[in-house]
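Undergrad: Dropping a structure here in structure tokens format, bear with me for questions.
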Amino acid sequence: MKVLVVNCGSSSTKYTLFEMESEKKIAWGIVECIGLSEAYYKRQTSDAKEKKTSIKVTNHTEAVELIIEDLLDKKTGSIANIDEIAVVGHRIVHGGDKFSKSVLVTKEVKKGLKECFSIAPLHTPAHYAGILAVEKMLPGIPSVLVFDTAFHQTMPDYAYMYALPYEYYEKHHIRKYGFHGTSHNYVSQRAAAMLRKSLSELKLITAHLGNGSSITAIEKGKVIDTSMGFTPLQGVMMGTRCGDIDPAIIAYIIKKYPRYKNDDDLNTLMNKESGLLGISGLSGDMRTTIKASAEGNKKAKLAFEMLCYSIKKYISAYCGILNGIDGLVFTAGIGENSMAVREKICANLHALGIEMDAKKNNEPSVEERFVSTANSKVKIMIIPTNEELMIARESKVCLHASAQTDE
Ligand code: AMP
């Protein structure tokens, strides 16, 4: 059984084709810079052959068409016929409070998704275009939507509500949703396997640290709280996002800088010009920040310290909320690869039972591993995330469940 995972981002379309018996990737690739002159298509097959070509694609529909035609290519493609694909799994960033789990695409589901356009205007229209393009290119092949927000739907109301007048929640659905749910879900399942326990016995904190970062508190497999909010801007400091700030600062900035005339300008400031980039003035990339800091750049050092401090604060708060934890998981680009960030975050957390083994933390590896001391009450784990595989698994389960209800 083959499952195609499609991820239409704001200006890119990524895909992965899985053979589900072995859960192996057969082919994967990306169309980047959609709508721009520098657009290109990069793809790889399981024999690790990589091909990068400049292309002209003006929208997500064309991107999906190009990908499917390439998958079917007689010489270099990975499938001979579209019927080889059992189901297509779409990554959807925001499901609002309409979608609490993965769903098979129907007319009703598409209508519900359209209603989510206003809360994720950068992503949802792109997802929607991707779904329509897949329907056109793969007629008769079912599609499943897998939401980044779904895993967080178990949060209690006192965690997801903002202390604004209640009508903003009722009329406009303004509440915390949380993001990276597929990744937090995947690594929490892997953590349980590594600890040889059932999720129902565990209290975990998962730290997804990449260009965008979020921390999640999980008890008995259910999310209790997460650091991102109504949008992926809230929470810890990130590459180019400010994370938590005093909301009154925004009104003050509008007064001080007349150039901020509308919500787009302010969103750009907080999402694209802040974080590591805003503080260092150099880059939103962690590797560049660490290198500059080591070379004596004081602002880069400050940016690094601020980011680690904000993550440490969330981990400590969530330890309190959970009344102690069994495991702490690091994942995504920074979490998996930066020894310096992990070390800084875990320094002096003995009071919470978190003790990192410096030697293990410094050993480079791409495997799942423990990096806590033998005596650490909390097991610290590094777990490479695999959102695509999680989406493929969810899509398969959803397809089988719908087949059973049809019977
Ligand atoms: P992601 O969004 O998960 O792809 O993560 C991207 C972030 O991971 C960027 O800030 C990268 O600089 C960072 N990253 C990747 N590898 C390393 C590394 N070896 N050391 C520090 N940061 C890294």
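Undergrad: Could you tell me which of the residues Ile354, Ile334, Ile380, Ile391 is closer than 30 Å to Gly140 by Cα and touching a strand residue (DSSP E or B) at 6+ places or on another chain (Cβ under 8 Å)?
TA: Only one candidate passes the filter, namely Ile391.
Undergrad: When you go through (1) within 16 Å of the ligand (Cβ to nearest atom); (2) among the β-branched types (Val, Ile, Thr); (3) surrounded by fewer than 23 Cβ atoms within 10 Å (Cβ to Cβ) one by one for Thr289, which number turns out not to apply?
TA: (3)
Yes/no per residue for (1) over 26 Å from Val146 (Cβ atoms); (2) at pLDDT 95 or above:
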| position | (1), (2) |
| --- | --- |
| Lys360 | yes, yes |
| Glu367 | no, yes |
| Pro384 | no, yes |
| Gln404 | no, no |
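Undergrad: Let me ask another. Consider only pairs whose beta carbons are under 6 Å apart and that are at least six residues apart or on different chains; among these, list those whose first residue lies in the range 298-323 and is over 18 Å from Glu343 (Cβ atoms) and whose second residue is surrounded by 16 or more Cβ atoms within 10 Å (Cβ to Cβ) and among the hydroxyl-bearing types (Ser, Thr, Tyr).
TA: Lys299/Ser280
Undergrad: Check Phe304 against each of (1) over 20 Å from Gly212 (Cβ atoms); (2) within 23 Å of the chain's Cα centre (by Cα) and name the one condition it does not meet.
TA: (1)
Undergrad: So how many residues does the range 294-335 have that are within 24 Å of Ser365 (Cα to Cα) and small (Gly, Ala, Ser)?
TA: 5
Undergrad: Moving on to the next point. Restricting attention to the range 195-222, and to residues there that are among the hydroxyl-bearing types (Ser, Thr, Tyr) and in a strand (DSSP E or B), which single residue is farthest from the ligand (Cβ to nearest atom)?
TA: Thr216
Undergrad: For the range 295-320, give me the residue count where each residue is within 13 Å of the ligand (Cβ to nearest atom) and either in a loop (DSSP other than H, G, I, E, B) or aromatic (Phe, Trp, Tyr) (or both).
TA: Number of matching residues: 1.
Undergrad: Kindly list, by first and then second residue, each pair from a residue in the range 253-277 that is modelled with pLDDT of 90 or more to a residue that is among the hydrophobic types (A, V, I, L, M, F, W, C) and outside any helix (DSSP H, G or I), limited to pairs with Cβ atoms under 7 Å and residues at least 6 apart or on different chains.
TA: Hits for this filter: Met270/Leu233; Met270/Cys242; Asn271/Leu233; Ser274/Cys242; Gly275/Met237; Gly275/Met238; Gly275/Cys242.
Listed here are the residues, each with its yes/no results for (1) surrounded by fewer than 19 Cβ atoms within 10 Å (Cβ to Cβ); (2) at pLDDT below 95; (3) over 13 Å from Ser11 (Cα atoms).
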position	(1), (2), (3)
Gly35	yes, yes, no
Ala39	no, yes, no
Lys52	yes, yes, yes
His90	no, no, yes
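Undergrad: Sort through Ala332, Ala248 and tell me the only one that's more than 24 Å from the chain's Cα centre (by Cα) and at pLDDT 95 or above.
TA: Being more than 24 Å from the chain's Cα centre (by Cα) and at pLDDT 95 or above holds for just one of Ala332, Ala248, which is Ala248.
Undergrad: Further question on the same structure: Taking only the range 232-242 into account, find how many residues are touching a helix residue (DSSP H, G or I) at 6+ places or on another chain (Cβ under 8 Å) and within 18 Å of Ala163 (Cα to Cα).
TA: Number satisfying all stated conditions: 2.
Undergrad: Go through the range 182-209 and give me each residue that's in contact (Cβ under 8 Å) with a residue 40 or more places away in the chain and of a type in the set (Gly, Ala, Ser).
TA: Hits for the range 182-209 are Ser183, Ser188, Ala191, Ala207.
Undergrad: Same structure, new question: State all residues of the range 375-389 that are surrounded by 19 or more Cβ atoms within 10 Å (Cβ to Cβ) and within 15 Å of the ligand (Cβ to nearest atom); if no residue qualifies, say none.
TA: Ile382, Ile383, Thr385, Asn386, Glu387, Glu388
Undergrad: Another question, if that's okay. Which residue pairs have Cβ atoms closer than 7 Å, lie 6 or more positions apart in sequence or on different chains, and pair a first residue in the range 131-150 that is on the phi > 0 side of the Ramachandran plot with a second residue that is surrounded by fewer than 19 Cβ atoms within 10 Å (Cβ to Cβ) and not polar (S, T, N, Q)?
TA: none
Undergrad: Contact list please: Cβ distance under 6 Å, first residue in the range 48-77 and within 11 Å of Val134 (Cα to Cα), second residue outside any loop (DSSP other than H, G, I, E, B) and among the polar types (S, T, N, Q), pairs at least six apart or on different chains.
TA: His60/Thr13; Ala63/Thr13
Undergrad: Right, here's the next one. Give all pairs with beta carbons closer than 9 Å in which a residue from the range 89-103 that is at positive phi meets a residue that is in a loop (DSSP other than H, G, I, E, B) and among the hydrophobic types (A, V, I, L, M, F, W, C); count only pairs at least 6 apart in sequence or on separate chains.
TA: Gly96/Cys116; Gly96/Ala120
Undergrad: Only one of Ser214, Ser274 is under 23 Å from Ser188 (Cβ atoms) and surrounded by 19 or more Cβ atoms within 10 Å (Cβ to Cβ); which?
TA: Of Ser214, Ser274, the one residue that is under 23 Å from Ser188 (Cβ atoms) and surrounded by 19 or more Cβ atoms within 10 Å (Cβ to Cβ) is Ser214.
Undergrad: Mind checking whether some residue in the range 69-76 is buried (at least 16 other Cβ atoms within 10 Å of the Cβ), within 22 Å of the chain's Cα centre (by Cα) and modelled with pLDDT under 95?
TA: Checked the range 69-76: no residue is buried (at least 16 other Cβ atoms within 10 Å of the Cβ), within 22 Å of the chain's Cα centre (by Cα) and modelled with pLDDT under 95.
Undergrad: Right, next: Residues being of a type in the set (A, V, I, L, M, F, W, C), touching a helix residue (DSSP H, G or I) at 6+ places or on another chain (Cβ under 8 Å) and surrounded by fewer than 19 Cβ atoms within 10 Å (Cβ to Cβ): count how many of those fall in the range 332-351.
TA: Residues in the range 332-351 being of a type in the set (A, V, I, L, M, F, W, C), touching a helix residue (DSSP H, G or I) at 6+ places or on another chain (Cβ under 8 Å) and surrounded by fewer than 19 Cβ atoms within 10 Å (Cβ to Cβ): 2 in total.
Undergrad: In the range 359-372, is there at least one residue being within 23 Å of Glu21 (Cβ to Cβ), of a type in the set (Asp, Glu) and not in a helix (DSSP H, G or I)?
TA: Within the range 359-372 (the criterion being within 23 Å of Glu21 (Cβ to Cβ), of a type in the set (Asp, Glu) and not in a helix (DSSP H, G or I)), the answer is yes, since at least one residue qualifies.
Undergrad: Shifting gears a bit: Quickly run through the range 321-361 and pick out the residues that are within 13 Å of the ligand (Cβ to nearest atom), of a type in the set (Asp, Glu) and farther than 16 Å from Ser213 by Cβ.
TA: Once the filter is applied, which keeps residues that are within 13 Å of the ligand (Cβ to nearest atom), of a type in the set (Asp, Glu) and farther than 16 Å from Ser213 by Cβ, the range 321-361 yields only Glu343.
The values are calculated or read from the model by the stated rules, or taken from the named source; none is laboratory data. Since the model is a prediction, treat every value here as computed from it, not as a measurement. Don't worry about glycine lacking a Cβ; one is built from the backbone with ideal geometry, like all the others, and counts go over all protein chains shown.
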